[in-house]
Amino acid sequence: MTHYQKLLRIPTTGKSFYNITPKIAAIVAESGVQTGLCTLFLRHTSASLVIQENADPDVLVDLANFMAKLVPESGQYIHDAEGSDDMPAHIRTALTHTSEHIPVNRSQLVLGTWQGIYIWEHRHHSQVRELVVHISA
């Protein structure tokens, strides 16, 4: 079995979606793996990985608005040592994912036409997020 692994450090500038599809696609191509699986793992508890619509930005706005209503920052949370946005960020991460698996074919990600890979930053302040990209064949 062949394995290829890389650690990416992705800077974020606050609460938003960050399209990382091109970075992941480049690593898959660089790996030389023709047929296999790309596993992504985000090493954080206050940001998420999502595969979502990449054509209409309104989809991402609607997702963010829905999550803000579902997990309000004005809640009465016990954990607030890192700020009022921290516990809601943990809850939002628990409701989404910190890992994704995407098939690889001909050294390319097998994503749907309108799918993109995003880091969903749940905190207000800038962060540097670490993402492990592991490709196996």
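Please find, among LEU95, LEU40, LEU63, the residue that is within 17 Å of VAL128 (Cβ to Cβ) and under 15 Å from the mean Cα position of the chain (by Cα).
Only one candidate qualifies: LEU40.
Just the residues that are loosely packed, with under 15 Cβ neighbours inside 10 Å and either at positive phi or among the β-branched types (Val, Ile, Thr) (or both), please, taken from segment 28-48.
Once the filter is applied, which keeps residues that are loosely packed, with under 15 Cβ neighbours inside 10 Å and either at positive phi or among the β-branched types (Val, Ile, Thr) (or both), segment 28-48 yields GLY32, THR35, THR45.
Are any of the residues in segment 56-63 assigned to a loop (DSSP other than H, G, I, E, B) and surrounded by fewer than 16 Cβ atoms within 10 Å (Cβ to Cβ)?
Yes, some residue in segment 56-63 is assigned to a loop (DSSP other than H, G, I, E, B) and surrounded by fewer than 16 Cβ atoms within 10 Å (Cβ to Cβ).
When the residues of segment 13-27 are filtered to those that are touching a residue at least 40 places away in the same chain (Cβ under 8 Å) and of a type in the set (A, V, I, L, M), which remaining residue is surrounded by the most Cβ atoms within 10 Å (Cβ to Cβ)?
My answer is ILE24.
Looking at ILE10, ILE51, which is the one that is open to solvent by 30 Å² or more (accessible area, probe 1.4 Å), in a strand (DSSP E or B) and touching a Phe, Trp or Tyr at 6+ places or on another chain (Cβ under 9 Å)?
Result of the check over ILE10, ILE51: ILE51.
Counting residues that are touching a residue at least 12 places away in the same chain (Cβ under 8 Å) and of a type in the set (Val, Ile, Thr), which strands (runs of 3 or more DSSP E) fully inside segment 69-137 reach at least 3?
Fully inside segment 69-137 and qualifying: 127-136.
I need the full set of residues from segment 92-137 which are among the β-branched types (Val, Ile, Thr) and open to solvent by less than 20 Å² (accessible area, probe 1.4 Å), in order please.
Once the filter is applied, which keeps residues that are among the β-branched types (Val, Ile, Thr) and open to solvent by less than 20 Å² (accessible area, probe 1.4 Å), segment 92-137 yields THR93, ILE102, VAL104, ILE117, ILE119, VAL133, ILE135.
Examine segment 40-54 for a residue that is under 21 Å from LEU7 (Cα atoms), in contact (Cβ under 8 Å) with a residue 60 or more places away in the chain and basic (Lys, Arg), and state whether such a residue exists.
yes
Which residues, taken from segment 13-32, are of a type in the set (A, V, I, L, M, F, W, C) and in contact with a Phe, Trp or Tyr (Cβ under 6 Å, 6 or more places away or on another chain)?
The one that is of a type in the set (A, V, I, L, M, F, W, C) and in contact with a Phe, Trp or Tyr (Cβ under 6 Å, 6 or more places away or on another chain): PHE17.
The values are calculated or read from the model by the stated rules, or taken from the named source; none is laboratory data. Only a predicted model underlies this, so the values are computations on that prediction, with no experimental measurement involved. Counting neighbours? That spans all protein chains shown, and the Cβs are built from the backbone with ideal geometry, glycine included. Just the protein is used for accessible areas: all its heavy atoms, side chains included, with ligands, DNA and RNA removed. Shrake-Rupley method; radii C 1.70, N 1.55, O 1.52, S 1.80 Å.
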